[in-house]
Structures are given as C-alpha cells and as structure tokens.
Amino acid sequence: MNRLTCGLLLMVMPLGAQAVTPEDWQTWLDDTPAFHSRVEQSRWLPEAEIRVHADGEILFTPMQSLAWHWTTPQPRIVTLDVAGRFVELTPDVPELSATPLDETEDGLPEERQAAQLLLHLLQGDLAPLRKQYHLLLDGEREDWQLILLPRERSEDALRKIAVEGGRFIESLRFVASGGNELTMTLGDIQTLVDAQGAQRLQESLAAETDASAKADTESTATTEASVSPGKTATDGDQG
C-alpha cells in the first residue's frame with residue numbers, strides 16, 4: 001500500500017473520541033444564563049424507611065445570587081449570594097416548622113451546604129470543587145454526568161455526589177455511606193432576559209412568601225379572637 005492510499009484512509013477513518021475533561025465541563029457551564037426553574041427535593045432514609053419531599057422554585061443569577069423559594073412543606077425563601085452569605089428571607093417562619101434540608105445526622109448535606117455546592121456547579125467553579133472532591137466526567141455538551149468523590153472519607157461521611165445535565169444542570173444525587181440519599185431535580189427551566197428581570201422576580205417571590213406568612217398569622221389571630229370572647233363571657237357568668 002503506497003503512501004497516498006494510506007493518507008486517504010487516514011482522512012476517511014473516524015478519529016477516536018477524546019475523553020472530556022473538567023475544563024471542558026467548565027466551559028459548558030461558564031455561559032449558564034440567569035434562569036428560573038421548578039425544584040423537587042426527595043430525602044430517603046432507608047433505616048427509618050422515611051421519604052421526605054419538598055417542592056419549590058430556584059432562581060439563579062450568575063453575578064448576583066441563588067434563591068430557593070420553597071412552597072412545601074413550609075413557604076419560605078433562602079438566598080446565597082456570590083460572597084457566600086446565606087440569608088433567610090422569611091424570618092417569621094415558626095421555629096418548629098420543618099425545612100426541606102433539615103440539619104440531621106444522616107450524612108447528607110445541610111441546606112446551606114447543598115446551596116453552596118449548587119452555586120459552584122452552576123458557575124462552573126472548578127477550584128472549590130477540586131479542593132473537596134475528585135471529579136469524574138463523562139458525556140458530551142448536551143448530555144453529561146459529573147461524579148464528585150469526597151477527598152476526605154469517613155464511615156458517616158458523604159460517599160458521592162452525582163450531577164447530571166445538558167444545557168442546564170438537571171439533577172443532583174447525594175449518597176451517604178449509610179445508604180441515605182438526597183435527590184434534587186430541576187425542571188421547567190425558563191431563561192431570564194437579564195439580571196434586572198431576575199431581581200424583580202426574586203422580589204416578587206419574597207413578597208408572595210411574606211404575604212402567605214402574614215395570612216397564616218392573621219388566620220391564627222382570628223381563631224384566637226373568636227375563642228376569647230366566649231371564654232370571657234363564661235368567666236363573667238361564673239362571677
């Protein structure tokens with residue numbers, strides 16, 4: 001076989017697919033625009049045979065913040081800005097109310113930790129991810145999976161995190177050493193035109209949640225007021 005024939009064969013033969021790298025993934029996520037989506041969280045504790053669900057919305061603005069607006073089990077809003085400040089925007093939520101990511105000893109992340117990780121992922125921020133995890137990437141731009149394996153391992157620690165997505169991140173699955181799992185699924189993703197529009201939406205969500213909390217408070221006050229007069233009249237009769 002002469003050199004010309006060999007050259008033609010090399011031109012028509014498909015080249016072997018090159019393995020994607022975390023740097024490839026970073027370029028994919030770098031241009032994630034501001035968006036609004038639904039979010040569903042499911043926490044499974046096999047030892048207790050308990051599954052806890054929560055539903056809500058996520059608002060992401062690349063240069064400003066990540067906001068979670070939970071509608072169940074308790075209406076509330078929490079935000080995490082790019083400086084790492086985690087803020088509860090619904091301070092009137094009763095202390096005994098359940099939060100979607102309760103601080104429990106189940107080896108799964110607390111709410112702030114999950115929010116911080118999601119923000120790093122949405123920003124394609126490799127530095128903090130590599131500091132805490134070994135990264136394994138598979139797939140292509142429109143269909144990929146990123147596995148995060150904690151560098152520090154212990155019996156009760158998180159075992160792995162599996163992140164899947166395409167144009168946007170679609171799901172995160174946290175798996176603890178004891179078999180406990182936390183899954184977050186993002187759906188109905190709507191891109192926002194600009195950060196100003198995202199800010200207006202965040203303010204609207206905050207106002208909606210505050211109104212809901214106020215309505216619950218007024219309802220409780222009305223119930224107490226309707227009971228009090230009857231009790232007072234009875235006391236008067238006894239006098």
*asked:* Condition check: more than 18 Å from Val163 (Cβ to Cβ), at pLDDT 85 or above and not in a strand (DSSP E or B). Does Pro33 satisfy that?
replied: yes
*Tell me, please, whether a residue that is farther than 28 Å from Leu137 by Cβ and at pLDDT below 80 can be found in the range 75-84.*
no
*Just checking, which of Val227, Val175, Val193, Val163 is at pLDDT below 80 and closer than 30 Å to Trp28 by Cβ?*
Val193
*Criterion: part of a strand (DSSP E or B) and either closer than 26 Å to Gln26 by Cβ or at pLDDT below 95 (or both) - qualifying residue of Leu117, Leu186*: Leu186
*Answer yes or no as to whether Thr90 is buried (at least 17 other Cβ atoms within 10 Å of the Cβ), in a loop (DSSP other than H, G, I, E, B) and modelled with pLDDT under 85.*
yes
*Under the condition of being without any contact (Cβ under 8 Å) to a residue 60 or more places away in the chain and not in a strand (DSSP E or B), which residue from the range 163-183 is surrounded by the fewest Cβ atoms within 10 Å (Cβ to Cβ)?*
Gly166
*How many residues, within the range 141-162, are assigned to a strand (DSSP E or B) and touching a Ser or Thr at 6+ places or on another chain (Cβ under 7 Å)?*
1
*How many of the residues in the range 29-70 are crowded, with 18+ Cβ neighbours inside 10 Å, among the polar types (S, T, N, Q) and over 14 Å from the mean Cα position of the chain (by Cα)?*
1
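The values are calculated or read from the model by the stated rules, or taken from the named source; none is laboratory data. Note that the structure is a prediction, hence the values are computed from the model and not measured. When we count neighbours, we look across all protein chains shown, and the Cβ atoms used for this are built from the backbone with ideal geometry, even at glycine.
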